[in-house]
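First the structure, in the form of structure tokens, and then the observations on it.
The values are calculated or read from the model by the stated rules, or taken from the named source; none is laboratory data. Everything quoted here is computed from the prediction, not taken from an experiment. Cβ placement follows ideal geometry from the backbone for every residue including glycine, while neighbour counts extend to all protein chains displayed.
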């Protein structure tokens, strides 16, 4: 499995870090892009350095590298996951404004009819945010808001982070025990 993970400048970068850690456990080939603002948030919200996060990927691309191979429809990958996805990035994707590596790879993912998972992390939401989510959903993207559930009786923040990553794995059809499934 070849996966592109993009981390944008929204709170909740720990979701992306945990996702990368879990993808490493299943030997997925990970291609990573981190926005400049996400770099700052990694340092502010976590104990990880940006280099630590980059080290979790097989390949890394700069945010402004529009020549990156992931930005070409002829470079095959299975899924692109933007986690967390800022409202700015969501807006750019929904309007086709592919001005950086992250928005371009999302554009390629949609035009090639590949799986695009967007994990927005914003609250409350404006009408335009909801409209942008609906618009990309109609194009085939999966919108998976970072809204942890409670039916698995979480005890820690890590349990909540694993819930979101487990939901992503469920969409990817990757068997996981990151959280206890409902009524199983």
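Quick grid of which residues meet (1) farther than 13 Å from residue 85 by Cβ; (2) out of contact with any helix residue (DSSP H, G or I) (no Cβ under 9 Å at 6 or more places or on another chain); (3) free of Cβ contacts under 8 Å to residues at least 24 places away in the same chain; (4) not in a loop (DSSP other than H, G, I, E, B):
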| position | (1), (2), (3), (4) |
| --- | --- |
| 103 | no, no, yes, yes |
| 110 | yes, no, no, yes |
| 117 | no, no, no, yes |
| 124 | yes, yes, yes, no |
| 130 | yes, yes, yes, yes |
| 145 | no, no, no, no |
| 151 | yes, yes, no, no |
| 161 | yes, no, no, yes |
| 164 | no, no, no, yes |
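Residues in region 67-87 that are exposed (fewer than 15 other Cβ atoms within 10 Å of the Cβ) and either in contact (Cβ under 8 Å) with a residue 24 or more places away in the chain or closer than 19 Å to residue 39 by Cα (or both): 4 in all. Screening region 27-54 for residues that are modelled with pLDDT of 95 or more and part of a loop (DSSP other than H, G, I, E, B) and picking the one that is farthest from residue 124 (Cα to Cα) gives 28.
Scanning region 19-49 for residues that are more than 11 Å from the chain's Cα centre (by Cα) and more than 18 Å from residue 62 (Cβ to Cβ) yields a count of 14. Residues in region 169-176 include at least one that is within 14 Å of the chain's Cα centre (by Cα), under 24 Å from residue 109 (Cα atoms) and not in a helix (DSSP H, G or I).
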